[in-house]
Amino acid sequence: MIKNISNLGDAALYCDFGNEVNKSINSQVIKYFKTIKEKKFEGINNLTPSYNKLIISYDLKKTNFKEVKNYVENINAGDSKDINSKKLEIPVCCHENFSMDIKRLEEILKLSREKILENFLNKEYFCYMTGFIAGMPFLGDLDENMRAQRLETPRVKVPKGSVAVTEQFANIYTFESPGGWNILGNTPLDIFDSSKENKPNLINPGDTVIFKEINLDQYKNYNE
Amino acid sequence: MSSNYLDIIRPGINSTFQDKGRDHLYHIGIPFSGAMDNRNYLIANKLVNNNLDSAVIEFAYQGPHIKYSGENINFAVTGDVIFSIKKKDTEIEGKCYESYQIENGDEINIISTNKSVYGYLALGGELDLKFQWNSCSINTKANIGSNDGKKLDVGQRINLKKINSNKNIKKTNYINTKIESIRVIKGTNFDYFSEEGKKIFYEKEFTVSKLSDRMGMRLGGPKIDNIVNTNIKSEGLIKGVIQVPADGNPIIMLSDHGTIGGYPKIGVVASVDYDRLVQMSPGSKIKFKEINLSDAETLFKLYEMETQNLLSQI
(Lines give C-alpha, C1' and ligand atoms only; values in the text may rest on other atoms or scores of the structure.)
Protein backbone atom coordinates (compact mmCIF):
# COMPACT_ATOMS: atom_id res chain seq x y z
CA MET A 1 0.00 0.00 0.00
CA ILE A 2 1.01 3.64 -0.37
CA LYS A 3 2.87 4.69 2.75
CA ASN A 4 2.99 8.36 2.04
CA ILE A 5 1.89 10.82 -0.64
CA SER A 6 3.74 14.10 -1.07
CA ASN A 7 4.18 16.61 -3.85
CA LEU A 8 7.01 16.51 -6.38
CA GLY A 9 7.02 20.13 -7.45
CA ASP A 10 3.65 21.69 -8.23
CA ALA A 11 2.58 19.31 -10.98
CA ALA A 12 3.17 15.79 -9.67
CA LEU A 13 2.28 13.44 -6.82
CA TYR A 14 5.03 11.36 -5.24
CA CYS A 15 3.55 8.10 -3.97
CA ASP A 16 5.96 6.26 -1.71
CA PHE A 17 5.47 2.50 -1.23
CA GLY A 18 8.57 2.01 0.92
CA ASN A 19 12.31 1.78 0.49
CA GLU A 20 12.93 -1.90 -0.18
CA VAL A 21 13.20 -3.33 -3.68
CA ASN A 22 11.19 -6.51 -3.95
CA LYS A 23 8.47 -8.08 -6.06
CA SER A 24 5.75 -7.67 -3.49
CA ILE A 25 6.17 -3.89 -3.14
CA ASN A 26 6.70 -3.48 -6.87
CA SER A 27 3.52 -5.46 -7.63
CA GLN A 28 1.59 -2.98 -5.47
CA VAL A 29 3.09 -0.09 -7.46
CA ILE A 30 2.12 -1.77 -10.73
CA LYS A 31 -1.43 -2.43 -9.50
CA TYR A 32 -1.90 1.25 -8.67
CA PHE A 33 -0.33 2.23 -11.96
CA LYS A 34 -2.67 -0.02 -13.97
CA THR A 35 -5.78 0.95 -12.01
CA ILE A 36 -5.18 4.69 -12.35
CA LYS A 37 -4.22 4.35 -15.99
CA GLU A 38 -7.47 2.58 -16.82
CA LYS A 39 -9.61 5.15 -15.01
CA LYS A 40 -8.27 8.07 -17.03
CA PHE A 41 -8.67 10.81 -14.43
CA GLU A 42 -9.04 14.19 -16.16
CA GLY A 43 -5.79 16.13 -15.92
CA ILE A 44 -3.40 13.24 -15.18
CA ASN A 45 -0.74 13.34 -17.89
CA ASN A 46 1.65 10.62 -16.94
CA LEU A 47 2.27 7.78 -14.54
CA THR A 48 5.79 6.56 -13.81
CA PRO A 49 6.00 3.36 -11.80
CA SER A 50 9.41 2.35 -10.45
CA TYR A 51 10.70 -0.18 -7.87
CA ASN A 52 8.83 1.31 -4.94
CA LYS A 53 7.48 4.69 -6.06
CA LEU A 54 4.74 5.90 -8.36
CA ILE A 55 4.94 9.40 -9.76
CA ILE A 56 1.73 10.87 -11.10
CA SER A 57 2.15 14.05 -13.07
CA TYR A 58 -0.77 16.25 -13.98
CA ASP A 59 -1.69 19.31 -15.98
CA LEU A 60 -1.78 22.21 -13.57
CA LYS A 61 -4.18 23.99 -15.92
CA LYS A 62 -6.78 21.27 -15.28
CA THR A 63 -6.27 20.03 -11.75
CA ASN A 64 -4.02 20.38 -8.69
CA PHE A 65 -2.25 18.47 -5.93
CA LYS A 66 -5.21 18.39 -3.56
CA GLU A 67 -7.62 16.98 -6.15
CA VAL A 68 -5.28 14.30 -7.45
CA LYS A 69 -4.19 13.30 -3.95
CA ASN A 70 -7.79 12.96 -2.84
CA TYR A 71 -8.52 10.87 -5.92
CA VAL A 72 -5.55 8.52 -5.37
CA GLU A 73 -6.29 8.09 -1.66
CA ASN A 74 -9.75 6.83 -2.48
CA ILE A 75 -8.71 4.30 -5.08
CA ASN A 76 -8.94 0.68 -4.17
CA ALA A 77 -6.11 -0.80 -6.18
CA GLY A 78 -5.48 -3.65 -3.77
CA ASP A 79 -8.63 -5.36 -5.01
CA SER A 80 -7.73 -5.13 -8.66
CA LYS A 81 -7.17 -8.33 -10.59
CA ASP A 82 -3.74 -9.85 -11.04
CA ILE A 83 -1.27 -7.72 -12.92
CA ASN A 84 -1.80 -9.65 -16.17
CA SER A 85 1.80 -10.42 -16.94
CA LYS A 86 3.44 -12.53 -19.60
CA LYS A 87 6.50 -14.77 -19.76
CA LEU A 88 9.07 -14.02 -22.46
CA GLU A 89 12.19 -15.72 -23.77
CA ILE A 90 14.88 -13.33 -24.96
CA PRO A 91 17.66 -14.73 -27.18
CA VAL A 92 21.06 -13.38 -26.26
CA CYS A 93 24.41 -13.89 -27.94
CA CYS A 94 27.35 -13.74 -25.55
CA HIS A 95 30.07 -14.00 -28.21
CA GLU A 96 33.16 -11.90 -27.46
CA ASN A 97 32.01 -9.43 -30.14
CA PHE A 98 29.27 -8.42 -27.73
CA SER A 99 30.28 -9.31 -24.18
CA MET A 100 32.44 -6.23 -23.68
CA ASP A 101 32.57 -6.35 -19.91
CA ILE A 102 32.90 -10.08 -19.27
CA LYS A 103 36.59 -9.74 -18.32
CA ARG A 104 35.78 -6.94 -15.91
CA LEU A 105 33.04 -9.09 -14.36
CA GLU A 106 35.38 -12.11 -14.10
CA GLU A 107 37.71 -9.95 -12.03
CA ILE A 108 35.08 -8.27 -9.87
CA LEU A 109 32.94 -11.36 -9.24
CA LYS A 110 35.90 -13.76 -9.12
CA LEU A 111 34.01 -16.17 -11.34
CA SER A 112 34.89 -17.72 -14.72
CA ARG A 113 33.15 -16.65 -17.90
CA GLU A 114 31.30 -19.99 -18.01
CA LYS A 115 30.13 -19.66 -14.43
CA ILE A 116 28.92 -16.08 -14.98
CA LEU A 117 26.85 -17.15 -18.00
CA GLU A 118 25.54 -20.20 -16.21
CA ASN A 119 24.40 -18.00 -13.34
CA PHE A 120 22.81 -15.48 -15.65
CA LEU A 121 21.09 -17.54 -18.36
CA ASN A 122 17.93 -19.68 -18.16
CA LYS A 123 16.60 -17.99 -15.04
CA GLU A 124 13.44 -16.04 -14.48
CA TYR A 125 13.74 -12.29 -14.02
CA PHE A 126 10.92 -9.98 -13.07
CA CYS A 127 10.39 -6.69 -14.91
CA TYR A 128 10.17 -4.00 -12.23
CA MET A 129 9.81 -1.05 -14.57
CA THR A 130 10.60 0.29 -18.02
CA GLY A 131 12.12 3.62 -18.82
CA PHE A 132 15.14 5.88 -18.55
CA ILE A 133 15.34 5.44 -22.31
CA ALA A 134 12.29 4.34 -24.26
CA GLY A 135 11.38 0.73 -23.54
CA MET A 136 14.40 -0.20 -21.41
CA PRO A 137 13.35 -2.96 -18.99
CA PHE A 138 14.77 -3.13 -15.45
CA LEU A 139 14.90 -6.85 -14.61
CA GLY A 140 15.66 -8.57 -11.32
CA ASP A 141 16.92 -10.16 -9.27
CA LEU A 142 20.37 -11.41 -10.12
CA ASP A 143 21.99 -14.01 -7.86
CA GLU A 144 23.88 -12.56 -4.89
CA ASN A 145 27.25 -13.56 -6.38
CA MET A 146 26.50 -11.75 -9.67
CA ARG A 147 26.23 -8.22 -8.35
CA ALA A 148 28.73 -5.68 -9.67
CA GLN A 149 28.84 -1.91 -9.63
CA ARG A 150 28.41 0.27 -12.70
CA LEU A 151 31.45 1.25 -14.77
CA GLU A 152 33.24 4.16 -13.15
CA THR A 153 33.10 6.12 -16.37
CA PRO A 154 29.99 5.33 -18.38
CA ARG A 155 30.38 4.55 -22.09
CA VAL A 156 29.33 7.34 -24.43
CA LYS A 157 27.72 4.80 -26.75
CA VAL A 158 26.33 1.44 -25.73
CA PRO A 159 25.23 -0.58 -28.80
CA LYS A 160 21.55 -1.22 -29.37
CA GLY A 161 20.43 -4.59 -28.02
CA SER A 162 23.14 -4.80 -25.35
CA VAL A 163 22.18 -6.98 -22.40
CA ALA A 164 23.86 -5.63 -19.28
CA VAL A 165 23.96 -6.06 -15.52
CA THR A 166 24.57 -3.94 -12.46
CA GLU A 167 23.87 -4.65 -8.79
CA GLN A 168 20.79 -6.90 -8.58
CA PHE A 169 19.45 -5.93 -12.03
CA ALA A 170 19.76 -6.71 -15.71
CA ASN A 171 18.62 -4.45 -18.52
CA ILE A 172 18.52 -4.22 -22.30
CA TYR A 173 19.57 -1.10 -24.22
CA THR A 174 16.67 -0.57 -26.60
CA PHE A 175 18.67 1.78 -28.78
CA GLU A 176 22.20 3.16 -28.85
CA SER A 177 22.64 5.40 -25.84
CA PRO A 178 25.17 6.37 -23.19
CA GLY A 179 25.32 3.96 -20.28
CA GLY A 180 27.43 2.48 -17.52
CA TRP A 181 26.11 -1.07 -17.04
CA ASN A 182 28.32 -4.17 -17.49
CA ILE A 183 27.62 -5.62 -20.93
CA LEU A 184 27.28 -9.42 -21.16
CA GLY A 185 25.80 -9.93 -24.62
CA ASN A 186 23.40 -8.69 -27.25
CA THR A 187 19.91 -9.60 -28.37
CA PRO A 188 18.78 -9.44 -32.00
CA LEU A 189 15.17 -8.83 -30.86
CA ASP A 190 13.62 -5.39 -31.16
CA ILE A 191 12.70 -4.62 -27.56
CA PHE A 192 11.30 -1.21 -28.45
CA ASP A 193 9.62 -0.42 -31.76
CA SER A 194 8.26 3.11 -32.06
CA SER A 195 6.35 2.24 -35.24
CA LYS A 196 4.01 0.09 -33.11
CA GLU A 197 2.23 2.92 -31.36
CA ASN A 198 -0.13 0.68 -29.40
CA LYS A 199 2.50 -1.77 -28.22
CA PRO A 200 5.99 -0.32 -28.65
CA ASN A 201 7.42 -2.27 -25.70
CA LEU A 202 8.08 -5.98 -25.88
CA ILE A 203 8.62 -6.20 -22.12
CA ASN A 204 6.32 -4.46 -19.62
CA PRO A 205 6.35 -4.06 -15.84
CA GLY A 206 5.21 -7.29 -14.18
CA ASP A 207 6.42 -9.54 -17.03
CA THR A 208 8.87 -12.39 -16.54
CA VAL A 209 11.94 -12.68 -18.77
CA ILE A 210 14.30 -15.63 -19.38
CA PHE A 211 17.54 -15.16 -21.34
CA LYS A 212 18.38 -18.04 -23.71
CA GLU A 213 21.80 -18.21 -25.29
CA ILE A 214 22.21 -18.25 -29.06
CA ASN A 215 25.48 -18.53 -31.01
CA LEU A 216 26.88 -16.00 -33.44
CA ASP A 217 25.41 -17.71 -36.53
CA GLN A 218 21.97 -17.87 -34.98
CA TYR A 219 22.35 -14.20 -34.04
CA LYS A 220 23.29 -13.20 -37.58
CA ASN A 221 20.44 -15.18 -39.11
CA TYR A 222 17.89 -14.20 -36.51
CA ASN A 223 16.06 -11.53 -38.46
CA GLU A 224 16.15 -13.31 -41.80
CA MET B 1 3.12 16.87 -54.89
CA SER B 2 2.57 19.89 -52.74
CA SER B 3 2.98 23.20 -54.47
CA ASN B 4 3.83 25.04 -51.26
CA TYR B 5 7.09 24.13 -49.60
CA LEU B 6 10.21 25.25 -47.77
CA ASP B 7 13.77 24.40 -48.71
CA ILE B 8 16.32 24.39 -45.93
CA ILE B 9 19.40 26.29 -47.08
CA ARG B 10 20.97 26.14 -43.61
CA PRO B 11 19.34 24.17 -40.81
CA GLY B 12 20.77 26.03 -37.80
CA ILE B 13 22.22 24.37 -34.74
CA ASN B 14 19.28 22.53 -33.23
CA SER B 15 16.16 23.08 -35.30
CA THR B 16 13.27 20.69 -34.78
CA PHE B 17 9.52 20.50 -35.31
CA GLN B 18 7.64 20.87 -32.04
CA ASP B 19 4.06 21.08 -30.89
CA LYS B 20 2.26 20.63 -27.58
CA GLY B 21 4.14 17.40 -26.80
CA ARG B 22 2.97 13.87 -25.99
CA ASP B 23 1.27 12.51 -22.86
CA HIS B 24 0.75 9.15 -21.17
CA LEU B 25 4.08 7.57 -22.18
CA TYR B 26 6.43 8.15 -19.25
CA HIS B 27 5.86 4.58 -18.08
CA ILE B 28 7.51 3.22 -21.22
CA GLY B 29 10.32 5.75 -21.15
CA ILE B 30 9.10 8.40 -23.56
CA PRO B 31 9.24 11.98 -22.26
CA PHE B 32 6.81 14.81 -22.84
CA SER B 33 8.94 16.76 -25.38
CA GLY B 34 7.02 19.61 -27.06
CA ALA B 35 8.03 23.25 -27.39
CA MET B 36 10.46 24.22 -24.62
CA ASP B 37 9.06 27.75 -24.15
CA ASN B 38 5.34 27.07 -24.29
CA ARG B 39 4.19 30.69 -24.19
CA ASN B 40 6.31 31.74 -27.16
CA TYR B 41 5.14 28.64 -29.05
CA LEU B 42 1.48 29.55 -28.55
CA ILE B 43 1.98 33.20 -29.51
CA ALA B 44 3.78 32.18 -32.72
CA ASN B 45 0.80 30.09 -33.81
CA LYS B 46 -1.71 32.78 -32.91
CA LEU B 47 0.16 35.41 -34.95
CA VAL B 48 -0.31 33.39 -38.15
CA ASN B 49 -3.93 32.35 -37.47
CA ASN B 50 -3.00 28.71 -36.80
CA ASN B 51 -4.62 26.38 -34.31
CA LEU B 52 -2.71 26.83 -31.07
CA ASP B 53 -1.48 23.22 -31.10
CA SER B 54 -0.01 23.40 -34.62
CA ALA B 55 3.57 22.37 -35.35
CA VAL B 56 6.24 25.06 -35.50
CA ILE B 57 9.98 25.07 -36.10
CA GLU B 58 11.85 25.48 -32.83
CA PHE B 59 15.47 26.58 -33.07
CA ALA B 60 18.25 27.12 -30.55
CA TYR B 61 20.88 29.88 -30.83
CA GLN B 62 21.25 29.96 -34.62
CA GLY B 63 18.05 29.29 -36.57
CA PRO B 64 17.40 28.03 -40.08
CA HIS B 65 17.78 29.86 -43.38
CA ILE B 66 14.79 28.93 -45.48
CA LYS B 67 13.60 29.54 -49.03
CA TYR B 68 9.87 29.49 -49.62
CA SER B 69 8.10 28.42 -52.80
CA GLY B 70 4.38 28.63 -53.43
CA GLU B 71 1.36 30.82 -52.87
CA ASN B 72 1.60 33.79 -50.50
CA ILE B 73 1.69 32.78 -46.87
CA ASN B 74 2.17 34.43 -43.48
CA PHE B 75 4.91 33.65 -41.01
CA ALA B 76 5.97 34.94 -37.59
CA VAL B 77 8.97 34.57 -35.31
CA THR B 78 8.77 34.70 -31.52
CA GLY B 79 11.41 34.81 -28.82
CA ASP B 80 14.28 37.28 -28.71
CA VAL B 81 15.53 36.66 -32.21
CA ILE B 82 17.47 38.46 -34.94
CA PHE B 83 16.27 37.56 -38.42
CA SER B 84 15.88 38.97 -41.91
CA ILE B 85 13.48 38.57 -44.80
CA LYS B 86 14.99 38.52 -48.26
CA LYS B 87 12.73 39.46 -51.14
CA LYS B 88 13.61 39.80 -54.82
CA ASP B 89 15.36 43.16 -54.57
CA THR B 90 15.51 43.91 -50.86
CA GLU B 91 16.45 42.44 -47.54
CA ILE B 92 14.70 43.78 -44.47
CA GLU B 93 15.31 43.18 -40.80
CA GLY B 94 12.43 41.26 -39.24
CA LYS B 95 10.75 42.00 -35.95
CA CYS B 96 9.59 39.32 -33.54
CA TYR B 97 5.89 39.20 -32.61
CA GLU B 98 4.74 40.48 -36.01
CA SER B 99 3.45 38.43 -38.87
CA TYR B 100 4.77 38.98 -42.38
CA GLN B 101 3.54 37.83 -45.74
CA ILE B 102 6.03 36.10 -47.98
CA GLU B 103 5.74 35.11 -51.61
CA ASN B 104 7.29 32.63 -53.97
CA GLY B 105 11.09 32.80 -53.81
CA ASP B 106 11.34 34.80 -50.57
CA GLU B 107 13.84 33.74 -47.93
CA ILE B 108 13.74 33.85 -44.13
CA ASN B 109 17.12 33.91 -42.47
CA ILE B 110 17.10 33.40 -38.71
CA ILE B 111 20.49 34.64 -37.69
CA SER B 112 20.49 34.10 -33.95
CA THR B 113 18.70 34.33 -30.65
CA ASN B 114 19.73 37.27 -28.53
CA LYS B 115 20.86 36.43 -24.96
CA SER B 116 18.36 33.57 -24.93
CA VAL B 117 18.19 30.03 -26.24
CA TYR B 118 14.97 29.15 -28.07
CA GLY B 119 12.94 30.87 -30.77
CA TYR B 120 9.93 29.80 -32.82
CA LEU B 121 9.04 30.08 -36.48
CA ALA B 122 5.37 29.52 -37.30
CA LEU B 123 4.00 29.35 -40.82
CA GLY B 124 0.35 30.13 -41.55
CA GLY B 125 -0.77 26.68 -42.57
CA GLU B 126 -0.24 23.06 -41.81
CA LEU B 127 3.16 21.43 -42.25
CA ASP B 128 3.06 17.95 -43.76
CA LEU B 129 4.55 15.98 -40.87
CA LYS B 130 4.37 12.49 -39.44
CA PHE B 131 2.66 12.19 -36.08
CA GLN B 132 3.74 9.68 -33.47
CA TRP B 133 1.58 9.28 -30.39
CA ASN B 134 -0.51 12.25 -31.39
CA SER B 135 2.43 14.63 -31.67
CA CYS B 136 4.99 15.58 -34.29
CA SER B 137 7.50 16.74 -31.66
CA ILE B 138 10.98 15.50 -32.43
CA ASN B 139 12.98 13.76 -29.72
CA THR B 140 16.44 13.45 -31.25
CA LYS B 141 17.76 11.13 -28.52
CA ALA B 142 15.14 8.42 -29.09
CA ASN B 143 14.53 9.33 -32.76
CA ILE B 144 10.83 9.75 -32.12
CA GLY B 145 8.45 12.09 -33.94
CA SER B 146 8.41 13.71 -37.36
CA ASN B 147 11.44 13.86 -39.66
CA ASP B 148 12.48 10.36 -38.42
CA GLY B 149 13.15 11.95 -35.05
CA LYS B 150 16.10 13.91 -36.43
CA LYS B 151 17.03 17.60 -36.51
CA LEU B 152 16.37 19.57 -39.69
CA ASP B 153 19.09 19.06 -42.26
CA VAL B 154 20.57 21.05 -45.10
CA GLY B 155 18.86 20.60 -48.48
CA GLN B 156 15.73 19.19 -46.93
CA ARG B 157 12.29 20.10 -48.34
CA ILE B 158 9.26 20.53 -46.08
CA ASN B 159 5.82 20.53 -47.66
CA LEU B 160 2.78 22.40 -46.45
CA LYS B 161 -0.43 20.35 -46.52
CA LYS B 162 -2.55 23.46 -46.57
CA ILE B 163 -2.16 27.18 -46.10
CA ASN B 164 -4.42 29.46 -44.10
CA SER B 165 -6.93 31.54 -46.02
CA ASN B 166 -6.91 34.14 -43.26
CA LYS B 167 -3.85 36.24 -44.12
CA ASN B 168 -4.51 39.14 -41.76
CA ILE B 169 -1.28 40.65 -40.51
CA LYS B 170 -1.04 40.62 -36.72
CA LYS B 171 1.30 41.92 -34.10
CA THR B 172 1.65 42.12 -30.37
CA ASN B 173 3.89 44.09 -28.05
CA TYR B 174 5.07 41.17 -25.96
CA ILE B 175 8.49 41.50 -24.35
CA ASN B 176 10.31 38.50 -22.90
CA THR B 177 11.06 39.36 -19.31
CA LYS B 178 14.12 38.11 -17.51
CA ILE B 179 13.71 36.94 -13.95
CA GLU B 180 15.99 37.54 -11.02
CA SER B 181 15.62 34.09 -9.56
CA ILE B 182 14.10 30.72 -10.35
CA ARG B 183 11.52 29.66 -7.81
CA VAL B 184 11.78 26.09 -6.57
CA ILE B 185 9.76 23.77 -4.40
CA LYS B 186 11.68 21.57 -1.96
CA GLY B 187 12.54 18.19 -3.49
CA THR B 188 11.77 14.77 -2.06
CA ASN B 189 15.43 14.24 -1.06
CA PHE B 190 16.06 17.73 0.31
CA ASP B 191 17.25 16.25 3.61
CA TYR B 192 20.01 14.29 1.87
CA PHE B 193 22.05 17.49 1.75
CA SER B 194 24.15 19.10 4.48
CA GLU B 195 22.97 22.29 6.17
CA GLU B 196 25.77 24.07 4.35
CA GLY B 197 24.66 22.47 1.05
CA LYS B 198 21.05 23.61 1.51
CA LYS B 199 22.26 27.12 2.30
CA ILE B 200 24.44 27.16 -0.81
CA PHE B 201 21.49 26.00 -2.91
CA TYR B 202 19.31 28.94 -1.94
CA GLU B 203 21.92 31.63 -1.42
CA LYS B 204 24.67 31.20 -3.99
CA GLU B 205 24.73 31.80 -7.72
CA PHE B 206 25.06 28.96 -10.22
CA THR B 207 26.16 29.22 -13.83
CA VAL B 208 24.39 27.55 -16.75
CA SER B 209 26.92 25.24 -18.39
CA LYS B 210 27.47 24.64 -22.09
CA LEU B 211 26.42 21.03 -21.55
CA SER B 212 22.75 21.95 -21.64
CA ASP B 213 20.22 20.85 -24.21
CA ARG B 214 16.54 19.85 -24.51
CA MET B 215 17.18 16.98 -22.07
CA GLY B 216 18.69 18.91 -19.24
CA MET B 217 20.47 21.98 -17.98
CA ARG B 218 23.73 21.39 -16.14
CA LEU B 219 24.87 23.98 -13.64
CA GLY B 220 28.33 24.85 -12.39
CA GLY B 221 29.39 26.82 -9.33
CA PRO B 222 29.55 25.94 -5.66
CA LYS B 223 29.17 22.23 -4.91
CA ILE B 224 26.23 20.92 -2.91
CA ASP B 225 27.36 18.42 -0.32
CA ASN B 226 25.36 15.21 0.16
CA ILE B 227 25.46 13.65 3.64
CA VAL B 228 23.14 10.64 3.19
CA ASN B 229 23.67 8.89 -0.14
CA THR B 230 24.63 10.14 -3.58
CA ASN B 231 22.34 7.58 -5.22
CA ILE B 232 18.71 6.64 -4.65
CA LYS B 233 16.81 3.66 -6.04
CA SER B 234 15.88 4.76 -9.56
CA GLU B 235 12.47 6.43 -9.71
CA GLY B 236 10.39 8.64 -11.97
CA LEU B 237 11.32 12.17 -12.97
CA ILE B 238 9.35 15.11 -14.26
CA LYS B 239 10.50 18.23 -16.02
CA GLY B 240 11.92 20.83 -13.65
CA VAL B 241 13.37 18.30 -11.19
CA ILE B 242 16.79 19.37 -9.94
CA GLN B 243 19.01 16.32 -9.34
CA VAL B 244 22.38 16.51 -7.64
CA PRO B 245 24.77 13.66 -8.56
CA ALA B 246 27.87 12.75 -6.57
CA ASP B 247 29.95 15.59 -8.03
CA GLY B 248 27.67 18.16 -6.31
CA ASN B 249 26.70 20.00 -9.50
CA PRO B 250 22.91 20.32 -10.02
CA ILE B 251 21.20 19.14 -13.23
CA ILE B 252 17.71 20.41 -14.10
CA MET B 253 15.51 18.03 -16.09
CA LEU B 254 14.07 19.67 -19.21
CA SER B 255 11.42 18.60 -21.75
CA ASP B 256 13.28 15.61 -23.32
CA HIS B 257 14.54 14.26 -19.96
CA GLY B 258 15.11 10.59 -19.19
CA THR B 259 11.96 9.33 -17.47
CA ILE B 260 13.79 7.59 -14.62
CA GLY B 261 16.76 8.74 -12.58
CA GLY B 262 18.77 7.69 -9.58
CA TYR B 263 20.19 10.93 -8.20
CA PRO B 264 18.73 12.72 -5.17
CA LYS B 265 16.23 15.47 -5.93
CA ILE B 266 17.00 18.69 -4.07
CA GLY B 267 14.19 20.72 -5.62
CA VAL B 268 11.72 21.16 -8.46
CA VAL B 269 11.37 24.34 -10.53
CA ALA B 270 7.92 25.91 -10.12
CA SER B 271 5.86 25.57 -13.32
CA VAL B 272 5.44 29.35 -13.49
CA ASP B 273 9.18 29.78 -14.14
CA TYR B 274 9.76 26.97 -16.62
CA ASP B 275 9.40 29.00 -19.84
CA ARG B 276 11.89 31.55 -18.59
CA LEU B 277 14.28 28.97 -17.17
CA VAL B 278 14.79 27.23 -20.52
CA GLN B 279 15.73 30.55 -22.11
CA MET B 280 18.79 30.99 -19.87
CA SER B 281 21.81 30.57 -22.11
CA PRO B 282 25.19 29.09 -21.13
CA GLY B 283 27.08 31.49 -18.88
CA SER B 284 23.88 32.95 -17.37
CA LYS B 285 23.72 33.17 -13.59
CA ILE B 286 20.93 31.38 -11.78
CA LYS B 287 19.73 31.93 -8.24
CA PHE B 288 17.12 29.71 -6.63
CA LYS B 289 14.40 30.95 -4.32
CA GLU B 290 12.24 28.69 -2.17
CA ILE B 291 8.49 28.79 -2.68
CA ASN B 292 5.72 26.67 -1.17
CA LEU B 293 3.22 24.57 -3.11
CA SER B 294 0.21 26.81 -2.68
CA ASP B 295 2.08 29.94 -3.80
CA ALA B 296 3.46 28.02 -6.79
CA GLU B 297 -0.07 26.97 -7.77
CA THR B 298 -1.39 30.54 -7.46
CA LEU B 299 1.50 32.03 -9.42
CA PHE B 300 1.02 29.48 -12.20
CA LYS B 301 -2.69 30.37 -12.40
CA LEU B 302 -1.77 34.03 -12.80
CA TYR B 303 0.86 33.19 -15.42
CA GLU B 304 -1.66 31.10 -17.32
CA MET B 305 -4.26 33.91 -17.17
CA GLU B 306 -1.66 36.32 -18.49
CA THR B 307 -0.86 33.91 -21.36
CA GLN B 308 -4.56 33.57 -22.25
CA ASN B 309 -4.93 37.33 -22.06
CA LEU B 310 -1.96 37.85 -24.40
CA LEU B 311 -3.36 35.35 -26.86
CA SER B 312 -6.85 36.84 -26.83
CA GLN B 313 -5.43 40.24 -27.75
CA ILE B 314 -3.73 38.92 -30.88
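Which number in (1) in contact with a Pro (Cβ under 8 Å, 6 or more places away or on another chain); (2) at pLDDT 95 or above marks the one condition that B:Y263 misses?
(2)
Pick out the one residue from B:G197, B:G155, B:G187 that is of a type outside the set (A, V, I, L, M, F, W, C) and in contact with a strand residue (DSSP E or B) (Cβ under 6 Å, 6 or more places away or on another chain).
After applying the criteria, what remains is B:G187.
For the stretch A:57-75, give me each residue that is within 14 Å of chain B (Cβ to nearest Cβ) and assigned to a loop (DSSP other than H, G, I, E, B).
The answer is A:D59, A:L60, A:K61, A:K62, A:T63, A:N64.
Look through the stretch B:228-281, keep the residues that are within 7 Å of chain A (Cβ to nearest Cβ), in a loop (DSSP other than H, G, I, E, B) and among the hydroxyl-bearing types (S, T, Y), and return whichever of them is surrounded by the fewest Cβ atoms within 10 Å (Cβ to Cβ).
B:S234
When you scan the stretch A:3-23, how many residues do you find that are more than 7 Å from chain B (Cβ to nearest Cβ) and in contact with a helix residue (DSSP H, G or I) (Cβ under 7 Å, 6 or more places away or on another chain)?
Selection size over the stretch A:3-23: 5.
Tell me which residues, restricted to the stretch A:105-156, are open to solvent by less than 30 Å² (accessible area, probe 1.4 Å), hydrophobic (A, V, I, L, M, F, W, C) and not in a loop (DSSP other than H, G, I, E, B).
Residues satisfying the conditions are A:L105, A:L109, A:I116, A:L117, A:F120, A:F126, A:C127, A:M129, A:F138, A:L139, A:M146.
Got a number for residues in the stretch B:75-100 being outside any loop (DSSP other than H, G, I, E, B) and either within 22 Å of the chain's Cα centre (by Cα) or exposed (fewer than 15 other Cβ atoms within 10 Å of the Cβ) (or both)?
Residues meeting the conditions: 13.
Mind listing just one residue for me: the one in the stretch A:190-199 that is open to solvent by 10 Å² or more (accessible area, probe 1.4 Å) and part of a loop (DSSP other than H, G, I, E, B) and, of those, modelled with the highest pLDDT?
Result: A:D190.
What strands (runs of 3 or more DSSP E) lie completely within the stretch B:148-219 and have 2 or more residues being open to solvent by 70 Å² or more (accessible area, probe 1.4 Å)?
Because the criterion is at least 2 residues that are open to solvent by 70 Å² or more (accessible area, probe 1.4 Å), the strands (runs of 3 or more DSSP E) in the stretch B:148-219 that meet it are B:157-163.
State yes or no: is A:K61 within 28 Å of B:P31 (Cβ to Cβ) and open to solvent by 60 Å² or more (accessible area, probe 1.4 Å)?
Criteria met by A:K61.
Name the single residue that is farthest from B:T140 (Cα to Cα) among those in the stretch A:175-189 being assigned to a loop (DSSP other than H, G, I, E, B) and modelled with pLDDT under 95.
The qualifying residue farthest from B:T140 (Cα to Cα) is A:W181.
Among the residues of the stretch B:36-59, what is the count of those that are free of Cβ contacts under 8 Å to residues at least 60 places away in the same chain and surrounded by 20 or more Cβ atoms within 10 Å (Cβ to Cβ)?
0
Are any residues in the stretch B:295-314 assigned to a helix (DSSP H, G or I) and open to solvent by 70 Å² or more (accessible area, probe 1.4 Å), and if so, which ones?
Selection gives B:D295, B:T298, B:K301, B:L302, B:M305, B:E306, B:Q308, B:N309, B:S312.
Which residue out of B:N40, B:N45, B:N51 is closer than 29 Å to B:D213 by Cβ, in a loop (DSSP other than H, G, I, E, B) and of a type in the set (S, T, N, Q)?
B:N51
For the stretch B:1-31, give me the residue count where each residue is at positive phi and within 14 Å of chain A (Cβ to nearest Cβ).
Of the residues in the stretch B:1-31, 3 are at positive phi and within 14 Å of chain A (Cβ to nearest Cβ).
Given the conditions (1) open to solvent by 30 Å² or more (accessible area, probe 1.4 Å); (2) in contact (Cβ under 8 Å) with a residue 24 or more places away in the chain, and given that A:F169 satisfies all but one, which numbered condition is not satisfied?
Result: A:F169 fails condition (1) only.
On the basis of being in contact with a Lys or Arg (Cβ under 8 Å, 6 or more places away or on another chain), open to solvent by less than 90 Å² (accessible area, probe 1.4 Å) and within 14 Å of another protein chain (Cβ to nearest Cβ), does A:L54 make the cut?
The answer is no for A:L54.
Taking the conditions exactly as written (in a helix (DSSP H, G or I) and either at pLDDT 95 or above or open to solvent by 40 Å² or more (accessible area, probe 1.4 Å) (or both)), does B:R22 satisfy them or not?
No, not satisfied.
When you check A:I210 against the structure, is it in contact with a Lys or Arg (Cβ under 9 Å, 6 or more places away or on another chain) and at pLDDT 95 or above, yes or no?
In short, yes.
The values are calculated or read from the model by the stated rules, or taken from the named source; none is laboratory data. Keep in mind the model is a prediction, meaning the values are calculated, not measured. Note that we place each Cβ from the backbone using ideal geometry, even for glycine, and neighbour counts take in every protein chain shown. In case anyone asks, the SASA skips ligands and DNA or RNA and just uses the protein heavy atoms, side chains included. Shrake-Rupley method; radii C 1.70, N 1.55, O 1.52, S 1.80 Å.
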